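In what follows, a single structure is set out as structure tokens and then discussed.
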Amino acid sequence: MNQTKYTDNEKNSIRFSNFKKLETECPFTGLGVKYVASGEEIYYANDKKYRVNAGEYIIGNEFTKSHVQIDHKEIVQGLCIDISSEIISEVAEFHDVNGSELKEFLLSDQFFVNRYNVKNTSLGYSLNEINQKIKTGTFTNDFQQHELFYSLAESIITDQRFIFDHLSKLDFKKNVTNEEVFRAVLQAKSLIDDHITENLSLEKMALQTGISKYHFIRVFKSAFGIAPYQYQKRKRLEFAKLDLLSGNEILFTAIRYGFADVPTFSKAFKQQYGQTPGSIKK
């Protein structure tokens, strides 16, 4: 079952699907999002395989040649959203001083096709919200749909500007090498984000990328301007701050995020935020 929930003359659309089995071409219009709410979908986009599980999505544009396969015992629920090139262009040019370069990246064959987790992106919240409204029958066409698509475009451009800026920092001679290495480093970054309370080893992070530990450190730092360990520490402190603001105890928070004791945690916290954990709680 594939239901069109919204479409207009400008090629903006939202479609909701439920399938156990499916194999078909899967074109993208403008800038398109294929989100899996439950189950698993396999995409072959530009000759690369993407296994997209529940809570993940893939983005492509009109230059993306894509094929989808679904073969599951349970119903696989998905969401397809297409945002017109006109809206993407307008938002890209408004929000970025290099809008023409960003627009070229988003709407040409230079676009970086990749799989993303909703927990780690600006777009993720909107995808969950739209999907939930469709499932509960509260999604209607009586509000300003163009406002929704502009909002989605802003979220995508926030996420993709990060990709655009950091991908350009890699210095391999071949663009395809840049993309493959950066895709691997993004997977390692997501691994850190998803297991922030675990003491991930350098070996495990490097294994995620399929490159040596030394090369992994060098490429990660080149792309993000920070070493993997420093990134992990910074993210832990960000989560720790949220926990403290939610009322969690300092000792419990310090231990949860891998700090040996409260003094060590307090020192790192103050270096990042200029305040002690105790002052944040107050």
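Read-outs throughout are calculated quantities, based only on the coordinates presented, and are distinct from any laboratory measurement. Bear in mind the structure is a predicted one, so any value in this text is a computation, not a measurement. No Cβ is skipped: glycine too gets one built from the backbone with ideal geometry, and neighbour counts run over all protein chains shown.
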Checklist line | Computed over the chain, Cα set: Rg, Dmax in Å | finding: 20.6, 61
Margin query: If R₀ is 45 angstrom, what is the calculated FRET efficiency for the pair Gln230 and Asn9, using the beta carbon separation as r and rounding to 0.05?
Written below: 0.35
Item checked: Longest to shortest principal axis, alpha-carbon extents of the stretch 42-116, angstrom -> 48, 23, 17
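Can you give the calculated 222 nm mean residue ellipticity of the chain, where each DSSP H run of n ≥ 4 adds -39,500 (n - 2.57) and the sum is split over every residue, rounded to the nearest 500 deg cm²/dmol?
Computed ellipticity for the chain at 222 nm equals -15500 deg cm²/dmol.
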Notebook entry, point to check: Tell me, what are the semi-axes, in whole angstrom and largest first, of the equivalent ellipsoid of the stretch 237-282 as set by the roots of 5 times the Cα gyration tensor eigenvalues?
Noted result: 13, 12, 9
Notebook entry, point to check: Using just the C-alpha positions of the stretch 51-171 as equal point scatterers, what log10 of I(q)/I(0) does the Debye formula give at each q in 0.14, 0.16, 0.20, 0.21 1/Å?
Noted result: -0.67, -0.87, -1.28, -1.37
Notebook entry, point to check: For the stretch 175-281, what's the relative contact order in percent, using C-alpha pairs closer than 8 Å and at least 6 residues apart?
Noted result: 22
Check: Which far-off residues, 5 or more places away or on another chain, put their amide H under 5 Å from the one on Tyr6, with H placed in the peptide plane?
Finding: Ile14
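Assuming R0 = 25 Å, what is the FRET efficiency of Leu245 and Phe162, from their Cβ-Cβ distance, to the nearest 0.05?
Once the sixth-power term is evaluated, E becomes 0.50.
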Notebook entry, point to check: Stretched out fully, how many nm does the piece from Glu147 to Gln187 gain, at 0.36 nm a residue minus the Cα gap?
Noted result: 11.2 nm
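Relative contact order for the stretch 1-132: what percent, with Cα pairs under 8 Å and sequence separation of 6 or more? Walk me through the numbers on the way to the answer.
Working: 292 pairs, mean separation 37.3, N = 132.
Reported relative contact order: 28 percent.
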Item checked: Label-point separation, Arg218 to Thr138 (7 Å along Cα→Cβ), nm -> 5.3
Margin query: Please compute the contact order of the chain in relative form: average sequence separation of alpha-carbon pairs under 8 Å and at least six residues apart, divided by the residue count, as a percent.
Written below: 13
